[in-house]
């Protein structure tokens, strides 16, 4: 549990920023928008469960459309769940 509150190293922060930059470049979405998306997803999911936001991975990839005409962006989220809130 202590790991959850530990600050990220500058190396990890740089790595995360690079990942966001590469993902955003692939789908023509700015890094700022990717960070806003990640923050919004974290805020909404945190209403229902405790998550490990430090190890959350958000990606946007392109998937070929049916018929082979163009590609559609797909959002993938890998969000480690620590605990589910009881109602």
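Structural remarks
- Identity of the residue in segment 58-87, in contact (Cβ under 8 Å) with a residue 24 or more places away in the chain and closer than 22 Å to residue 13 by Cβ, that ends up surrounded by the fewest Cβ atoms within 10 Å (Cβ to Cβ): 82
- Pairs linking a residue in segment 39-52 that is farther than 13 Å from residue 77 by Cα to a residue that is surrounded by 14 or more Cβ atoms within 10 Å (Cβ to Cβ), with Cβ atoms under 8 Å and 6 or more positions apart or on different chains, are 46/53.
- Selected residue [touching a helix residue (DSSP H, G or I) at 6+ places or on another chain (Cβ under 7 Å) and at pLDDT 80 or above] from 39, 53: 53
- Residues located in segment 2-19, provided they are assigned to a helix (DSSP H, G or I), at pLDDT below 75 and closer than 18 Å to residue 80 by Cβ: 2, 3, 4, 5, 16, 19
- Of the set (1) at pLDDT below 80; (2) surrounded by 11 or more Cβ atoms within 10 Å (Cβ to Cβ), all apply to residue 48 but (1).
The values are calculated or read from the model by the stated rules, or taken from the named source; none is laboratory data. Note that this is a predicted model, so its numbers are computed, not measured. Cβ atoms come from the backbone with ideal geometry, glycine included; neighbour counts cover every protein chain shown.
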